[in-house]
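What follows is calculated from the coordinates using simple rules that are stated; it is not laboratory data. Owing to the predicted nature of the structure, the values given are computational and were not obtained by experimental measurement. Because the Cβ atoms are built from the backbone with ideal geometry, glycine has one as well, and the counts that use them run over all protein chains shown.
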Amino acid sequence: MDALKKGFSMAKEGVVTAAEKTKAGVEEAAAKTKEGVMYVGTKTKEGVVTSVNTVAHKTTEQANLMSETAVAGANQTSEKVVEGLESVVASTGLVKQDELENTKGDLTKQEGDVEKATDAGQ
């Protein structure tokens, strides 16, 4: 019986020792896991901030490009409308062709004055 008690006692000590080592191992593993997760979280956050900044910059570039295109398109459309109206007015005889030519020169001068004023205001 003493041999059994001694054997069980030794086994118990072995289990306690193993449990203590396992507990220490688990604590160390948990600490390293936490450290790894924090590192990944920090790097992910940095990546997200960089990505958001890149997207914002690209969006601004595209918005500027779209507005420039819209303005250019509006200018071309207005020029075509004016040319069409001039053609209709001249063909109906409401205004003489030489009067149209004089008006164009005046309008071109006025547009140049407006552009100079706009440039000076910037």
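Overview of results
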read-out: Normalised alpha carbon radius of gyration of the range 1-93 [divisor 2.2 N^0.38 Å]; value: 3.19
read-out: Cβ-derived FRET efficiency at R0 30 Å, K34 paired with A11, nearest 0.05; value: 0.30
read-out: Gain on full stretching of the segment that runs from V82 to A56 - 0.36 nm per residue minus C-alpha separation; value: 5.5 nm
